[in-house]
Amino acid sequence: MNKNYQIESNKIIFENGIITKFEYEIIKTLKVNDIILVLIKKPFRVIYNRTIFAVSYNGNILWQVPDRDSYPGEEKDCPFVDMILNTEGNIVLFNWCSIAFVVDPNTGTVLCEYETR
């Protein structure tokens, strides 16, 4: 199967007709092996930090990025804002509070985290 899909607002539409819908608009996707990482845009003034999902090509949500127990200072609003596949082949997720998470693409398990500022 040629693993193609298209994005329409808050939906991924796969070439086989399967649709996976999210609560908020999709702003970025990243293909990694047999999954698609999906970054959604949370609405202004809504605290929703778990903005990255992994989706299989059959439309199943495999995992959603975990939330931290705490953030720097008193900050509570720290959604993820970007994701990359770095030169070492690791998936790195970046949040609004300048914390990067390296995650296992198959499980979403956080392998390590570090500050980016």
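All of the numbers you see were taken from the coordinates with simple rules; none came from a lab. Model, not experiment: these values are computed from the prediction. Neighbour counts run over all protein chains shown; Cβ positions are idealised from the backbone, glycine included.
Once you place label points 7 Å from the Cα toward the Cβ at Ile13 and Asn90, how far apart are they in nm?
3.8 nm
Whole-Hz ³J(HN,Hα) for each residue in region 4-17, computed from phi via Karplus 6.51 cos²θ - 1.76 cosθ + 1.60 with θ = phi - 60°, x for glycine and proline: what do you get?
Running phi through 6.51 cos²θ - 1.76 cosθ + 1.60 with θ = phi - 60° gives 10, 7, 9, 10, 9, 6, 10, 10, 9, 10, 7, 4, 8, x Hz.
With +1 assigned to the C-beta of every Lys and Arg and -1 to the C-beta of every Asp and Glu, and no other charges, what is the dipole magnitude of the chain about the Cα centre in debye, to the nearest 20?
340 debye
With labels modelled as points extended 7 Å from the Cα through the Cβ direction, what inter-label distance (nm, one decimal) is found for Gln6 paired with Glu113?
Once both label points are built, they end up 3.8 nm from each other.
Among Gln6, Asn86, Leu37, pick out the residue whose Cα is farthest towards the positive end of the charge dipole of region 5-115, where Lys and Arg carry +1 and Asp and Glu carry -1 on C-beta, about the Cα centre.
Among Gln6, Asn86, Leu37, the one farthest towards the positive end of the dipole of region 5-115 is Gln6.
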